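Before any comments, here is the structure.
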Amino acid sequence: MVEIPETSIKFSRTVAMDGGAPCQPIRIVQYDDTIPVAAVKLTENGTPYIPPETAEINIRMRKPDGKGVYNPAIGADESGTVYFAFTQQMAAAHGEGWVNIEINLPNSKGVKCSDSIPVIITENAVQEGQIESDDEFLTLLEILELCKKLQQQAAASAAAAKTSETNAKKSETAAAQSKAAAATSATLAESWAVGGTGTRPGEDTN
């Protein structure tokens, strides 16, 4: 599975494959283009369900306006957690929708689908006419390109944080140097004015 930056995983949920306990809703804001990732643990009969290693995993979404999404998942790990990304198109329409995780079993053994994962998309205060809701059917290659974008965003954020930390240390050092210089100047002024500082030879006589 493609490595996913920890900062990109915004939602952790558990969903049953057999009509278990309802899944907690996922809430996002309309037009979100940060590609947030959901990490969803699968269960069956109250125990973890681990998809077969060669299974094809897809994400089915019923958007609030009735449009559909059928995209591949990013992948699954050995614990049975499935990872999938929310594209901007998945957040184009506000309201309530839902996602099902589809497991295409190998060797033509059929298809298993998870219970619904509710998705609540909060209406954006400013509507964008150029972003229209439509059906979406991406390929695995396109999803992997989105994952590369996630990694690039994470690297850029880390670099920016490092730069900020370096600049803060430089500012702290400069402030300390300015404070020391000011103290030295004050002592020198006192030495010339009244003496008694012990910093200048003969200061008490001149």
Exercise. Can you name every residue in the stretch 19-46 that is in contact with a Lys or Arg (Cβ under 8 Å, 6 or more places away or on another chain) and over 24 Å from Ser157 (Cβ atoms)?
Worked result: Cys23, Gln24, Val40, Lys41
Exercise. Does the stretch 110-134 hold any residues that are surrounded by 11 or more Cβ atoms within 10 Å (Cβ to Cβ) and farther than 22 Å from Ile26 by Cα, and which are they?
Worked result: Val111
Problem set entry | Residue check, Asp18 charged (D, E, K, R), outside any strand (DSSP E or B), in contact (Cβ under 8 Å) with a residue 24 or more places away in the chain and surrounded by 15 or more Cβ atoms within 10 Å (Cβ to Cβ) | no
For this session: Six or more apart or on different chains, Cβ under 7 Å: which pairs go from a residue in the stretch 21-48 that's under 20 Å from Glu132 (Cβ atoms) to one that's open to solvent by less than 80 Å² (accessible area, probe 1.4 Å) and in a strand (DSSP E or B)? Could you list them?
Result: Ile28/Ile121; Val29/Thr122; Gln30/Ile121; Gln30/Thr122; Ile35/Ala85
Exercise. Can you name the residue in the stretch 52-80 that is β-branched (Val, Ile, Thr) and at pLDDT 95 or above and, of all such residues, is surrounded by the fewest Cβ atoms within 10 Å (Cβ to Cβ)?
Worked result: Ile57
Exercise. So, in the stretch 31-51, of the ones that are more than 24 Å from the chain's Cα centre (by Cα) and open to solvent by 70 Å² or more (accessible area, probe 1.4 Å), which residue ends up nearest to Gly75 (Cα to Cα)?
Worked result: Ile50
For this session: Considering only residues that are modelled with pLDDT of 80 or more, farther than 14 Å from Glu3 by Cβ and not hydrophobic (A, V, I, L, M, F, W, C), look in the stretch 135-165 and name the one that is least open to solvent (accessible area, probe 1.4 Å).
Result: Glu136
Seminar exercise, completed: Scanning the stretch 118-133 residue by residue, those among the charged types (D, E, K, R) and over 13 Å from Pro64 (Cβ atoms) turn out to be Glu128, Glu132
Problem set entry | Tally, over the stretch 49-62, of residues that are hydrophobic (A, V, I, L, M, F, W, C) and without any contact (Cβ under 8 Å) to a residue 12 or more places away in the chain | 0
For this session: Identify all residues within the stretch 143-161 that are over 30 Å from Thr47 (Cβ atoms) and touching a residue at least 40 places away in the same chain (Cβ under 8 Å); write none if there are none.
Result: Leu144, Leu146, Lys149, Leu150, Gln151, Gln153, Ala154, Ser157
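Among what's in the stretch 81-103 and is assigned to a strand (DSSP E or B) and open to solvent by 40 Å² or more (accessible area, probe 1.4 Å), pick the residue that is nearest to Glu145 (Cα to Cα).
Within the stretch 81-103, the match that is nearest to Glu145 (Cα to Cα) is Trp98.
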Exercise. Condition test on Ile28, is it within 23 Å of the chain's Cα centre (by Cα), within 18 Å of Leu138 (Cα to Cα) and open to solvent by less than 80 Å² (accessible area, probe 1.4 Å)?
Worked result: no
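The values are calculated or read from the model by the stated rules, or taken from the named source; none is laboratory data. Because the structure is predicted, anything quoted here is derived from the model rather than measured. Because the Cβ atoms are built from the backbone with ideal geometry, glycine has one as well, and the counts that use them run over all protein chains shown. Side chains are part of the model used for accessible areas, which takes the heavy atoms of the whole protein and leaves out ligands, DNA and RNA. Shrake-Rupley method; radii C 1.70, N 1.55, O 1.52, S 1.80 Å.
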